[in-house]
Amino acid sequence: MSSIRRWLLLSLVGCVCARGSAALPRYGPLEISGNVSAQQLFRTPDIETWGLIQQRNTVKLRVDYNLLERGQLANLLEIPGIERAKLYLFYRGVYDSVYDLTPGFEQNDIYGLPIGLRLSDIPRKQREAVRFENRLREAYLDLKLKHLPLSFRLGRQQIVWGETDNFRMLDRVNPLDFTWHLQQETWDELRVPLWIIKGLWDIDRLATLNNAFVEFYWNPGDWYPAKKAFLPRPWSAPIVNPLDDPRSPPDGGRGLFQILSRFYQRPITKLYRGTRLFQRGDYVRDPGDNSQVGVRFSAVTGAETPLLPEGLQFTLNYFYQRWPGDDGTNSASFRAVLDPREARAAVQRGEAPIEFIAPYVHAVGVSANYAEEQYTQTVYRLETIYEFGVPFLDAAKSYSLRSPFAILANDVYGVSKRDMWKGMIGFDRPTWIRPLNRKATFLILGQFFWHYLIDNPSIACRDPNERPPCPQSGQGKGFRGQFSTSGVATTGSPGQLAYIDKVRDWELLMTLTATTFYKGGKIVPFLVYILDPVNSYNQEVMFLLDYFITNHAILSLSQRFFVNTTDRPVFEAWGVGGLNRGRTETGVKLTFQF
Amino acid sequence: MITALIFAALFIAAATFADVQPGDTITKENVAKAGELIGPGLRWCVDHGMKLHIVAPRRVEWPRRYREATEKYSAQVRLSADRNRLENYVAGMPFPNIDVNDPDAAIKIMWNYQYKPLITDDVLMRDFQVPSGPLTYTAPMVPDREFTIGDMRRLYYNGRLFVDPKPEMPNPEGVRYKELLAPVVSPYDMKGVGALYFRYIDASRQDDSWLYVPAVRRVRRMSTAQRSDALFGQDADQDSFWGYSGHIAWSEWKLLGVKEMLGVLHREHFRPQRCEGGADFAFCDNWEKRKVYVVEGTTKLPQYAYGKRVLYIDAEAWVVLASDIYDKRGELWKVWIEYFSFRKQAPGSDLVYEDEMGFTSATMIDTQMNHATVIMIPGPASPDPNTWYFNQGPNARSPYAPGNVEDVFTISHLISVAH
């Protein structure tokens, strides 16, 4: 059977299942709901090329069960100390047929060059591992204590704090799964739910404040760094694996493992101390070695609150957690093991002298929102955070050119830590644009983000007379981004950097979103525009449209354009038009909900 | 000129002699019989298939405590200079004696409506269904959206008569009431949505509103300007609930008249019965003649969806029977109709009130888009007879909250209940 026919058949099966399903009722304290969807994504890297890159069939099932009401289990058994208890389960099952169909298209890397790999080149075992997902994503128990204003949420869950939409600052409890498609999905789908104990102490009135509460969480070791993949996975970092290049020479074989294996004439297939890239650092996943904690205080100001306007809602936040590397910071995920003895021992063990790292970082933050009704009828949002000790690759900490590891001198560096200040100001405004819609307002949402790296050293080559990317003398000093690896940042000979991924003092980003309702909520369009003014004005434009065929059936159409304004690679770290160059996509999704 | 006078006389005569009797059924064929007993909005509905079954009017008694509070406190109540505030108000009806020649009659009627006898302390409506869909007028509506709402609660902070603390709760923020609509139970794409609203006594202070959005898993601040926006794109907006739920200070009010009109105060069917066929955008039930204040409110807010509303306020029950809502061009846009059932007990419920309470359902029709939203409390699928709780305070329990108590109307509770 041809791939196209198999794909059509699968889609048809999805539709038939959807038509045949009946809405599930509620059974007393039990609520069952969910949806079944089939999503097709077509990528058009240029005007003449298109390819199916996703045919994802998803089942979601949600169960809400009131275990305890008024302190009684099933209206019979009194449970001391607990007033209410509710169980929440959320299951997601996925089958993506592209990993079976492996439709023929070849992806380009960040340079716009074909990588010479197709989906079918992913080893069969790897494809089998990613085509299915069968996971109880969330499972938690909500408990409200009887005589205290204290409630708990215990179990596998997501926690979202802050004011930003789809960008990370205070929303940092759950890492993101970038292999799930950053642009196509809501972050609800991308966050990795973790086993967490969360508590909420409801204070309400406190001095001149009202609606005050303290929320805190402890993740007793169930933490992972952000999940990332490489080409030819369709929605991955736009490079082949810099450690283990799946291609053969002369185009391939540039992974650091291969370079080291060739140089030392022995197989080197692992990272230092068994760490795994984007999976695990040098720690044990237990409460002693991998706990994460956070606390926030939230309140609304009253008339007597000094300095602040009445009705301002704010939060004060503190986190102590491992660095997940998923907030658009061009930070380090790995470091060079610079101690010669340790590096040599690693090579003896078949390990590269490179370690994946996820260090602990302290972070304090503030968020606020305020509805200004008199002059602008607008909700203003603010979020800002100060992070202590974010890791960066530091070219000043590299292997000596005279050391046995000089071959890595232009590829991996040691790490220096710096503080960062990040923030967002945004607005939400319902606005009448009557020529476009006489019946409903457009909700217009704008966000402006900044990242500021404090005490960022200037960039220089080893030879002060040479200019970056330092093809002759090598990297001298200054911070480097993760694309500054010779196996990556080159279109020429291995070992020579053609480009340098600079870590900038300031990174800025702007987003503008507009949405409205037509036909009584039957048609819901979204328009999203994202501009990165720092990195060559790369942009992203999205148009999404949900059409409710019935209350149960939804047709969703999407079109995404990633605009790189130059013909050079743009090493932006936000994951917008630079990283996604050539990934213009058209999506069609059919959902049946019950 | 003479011809014009003759036509005018005939028109006045027709209007004067138009009348309905108990036992009549008003349909589009005999709608002229209703004359000025119905407003333009209701006439539009009848013209499109709605039927009004006329019954003899019955009194709606005020709750005893409300009556006593009115007798005790109303004499001391004054309007502030800007008319947007009441001075010396404690409880009961602020202005029980309306003089239609009083230049402040309209605003006093609105203040009476604000402090109406129907709910003085708190209310909970549970498990109600809200289908919304296009109208063909020939076949039943096929809903394109249908919401099931878990709870809609309101807790008043002043003018309280039934549940301690009375007559006012500790109220440093000057709250008139807090309202929680949460969670949306279905459909799945809206499941877990919840909203929290604070209304303040001080007219110069706009509402505070928050919406929990499960898709982003957090509470979003809302602008008051969104109160007149149709919720989730269907027809009904927050300010139209109960006929009018906006702040008095947001509009200029004008009394258009006092007259007899038709309204639903004593519904025959406790579970609302939609009209048959293409008229199922409305409930077909018992209508009775009522004395009604007709009040027009023209918005002062620049971002408000509507140009004006005409409210038909029952002079005895002080509830809005219907509201005609006009766009900025002055054309009829939407019609809100309330269908009350004043009674002491909901069928099957174990809760018996000492006074008659106004159980209601409502419909909102967009006459320009031919689209309607039907609000059924209780919903047809709701198995529980206890879907209404008037002035029950901590006893107004549901699976989503332990009662109409202060700590339920908080952002932290919204986060916990709407997920």
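Counting only residues that are basic (K, R) and within 14 Å of chain A (Cβ to nearest Cβ), how many does the stretch B:91-148 have? Qualifying residue count for the region: 2. Taking the condition touching a residue at least 40 places away in the same chain (Cβ under 8 Å), of a type outside the set (D, E) and open to solvent by 40 Å² or more (accessible area, probe 1.4 Å), does B:Q345 pass? The answer is no for B:Q345. The number of residues in the stretch A:166-184 that are charged (D, E, K, R), more than 11 Å from chain B (Cβ to nearest Cβ) and either open to solvent by 20 Å² or more (accessible area, probe 1.4 Å) or assigned to a loop (DSSP other than H, G, I, E, B) (or both) comes to 2. From the list A:N219, A:N211, the one residue that fits, being polar (S, T, N, Q), within 11 Å of chain B (Cβ to nearest Cβ) and open to solvent by less than 10 Å² (accessible area, probe 1.4 Å), is A:N211. The set of residues from the stretch A:205-230 being assigned to a strand (DSSP E or B), touching a residue at least 40 places away in the same chain (Cβ under 8 Å) and not aliphatic (A, V, I, L, M) comprises A:N210, A:N211, A:F213, A:E215, A:F216, A:Y217, A:W218, A:N219, A:P220, A:K227.
Of all the listed residues (A:Y370, A:Y375, A:Y452), the sole one being part of a loop (DSSP other than H, G, I, E, B) and either among the aromatic types (F, W, Y) or within 30 Å of B:F232 (Cβ to Cβ) (or both) is A:Y375. The numbered conditions (1) in contact with a helix residue (DSSP H, G or I) (Cβ under 6 Å, 6 or more places away or on another chain); (2) over 19 Å from A:E585 (Cα atoms); (3) open to solvent by less than 20 Å² (accessible area, probe 1.4 Å) are all true for A:R191 except (1). Scanning the stretch A:563-588 for residues that are closer than 26 Å to A:T58 by Cα and within 22 Å of the chain's Cα centre (by Cα), we see that the one that is surrounded by the fewest Cβ atoms within 10 Å (Cβ to Cβ) is A:T586. Among the listed residues B:K289, B:K300, B:K259, identify the single one that is touching a residue at least 40 places away in the same chain (Cβ under 8 Å), basic (K, R) and more than 28 Å from B:V20 (Cα to Cα). Among B:K289, B:K300, B:K259, only B:K300 is touching a residue at least 40 places away in the same chain (Cβ under 8 Å), basic (K, R) and more than 28 Å from B:V20 (Cα to Cα). Residues in the stretch A:400-415 that are open to solvent by 10 Å² or more (accessible area, probe 1.4 Å) and in contact (Cβ under 8 Å) with a residue 24 or more places away in the chain: A:L401, A:S403, A:P404, A:I407, A:N410, A:V415. Taking first residues from the stretch A:567-594 that are within 14 Å of another protein chain (Cβ to nearest Cβ) and partners that are outside any loop (DSSP other than H, G, I, E, B) and open to solvent by 30 Å² or more (accessible area, probe 1.4 Å), the Cβ contacts under 7 Å between residues at least 6 apart in sequence or on separate chains come to A:L590/A:C15; A:L590/A:L555; A:F592/A:V36; A:Q593/B:Y188; A:Q593/B:D189; A:F594/B:Y188. Put simply, of A:A345, A:A332 the only residue that is more than 14 Å from chain B (Cβ to nearest Cβ), out of contact with any Ser or Thr (no Cβ under 6 Å at 6 or more places or on another chain) and open to solvent by 10 Å² or more (accessible area, probe 1.4 Å) is A:A345. The set of residues from the stretch B:283-331 being within 21 Å of B:P57 (Cα to Cα), in a loop (DSSP other than H, G, I, E, B) and open to solvent by less than 10 Å² (accessible area, probe 1.4 Å) comprises B:D285, B:A317, B:W318, B:V319.
Within the stretch B:374-391, if we keep just the residues that are in a loop (DSSP other than H, G, I, E, B), closer than 21 Å to B:E356 by Cα and under 20 Å from the mean Cα position of the chain (by Cα), the residue that is farthest from the other protein chains (Cβ to nearest Cβ) turns out to be B:N391. Within the stretch B:358-373, being facing another protein chain (nearest Cβ under 10 Å), crowded, with 23+ Cβ neighbours inside 10 Å and in contact with a Lys or Arg (Cβ under 9 Å, 6 or more places away or on another chain) holds for B:D366, B:H371, B:T373.
The values are calculated or read from the model by the stated rules, or taken from the named source; none is laboratory data. Bear in mind the structure is a predicted one, so any value in this text is a computation, not a measurement. Because the Cβ atoms are built from the backbone with ideal geometry, glycine has one as well, and the counts that use them run over all protein chains shown. Please note that ligands, DNA and RNA were not included when accessible areas were found on the heavy atoms of the full protein model with its side chains. Shrake-Rupley method; radii C 1.70, N 1.55, O 1.52, S 1.80 Å.
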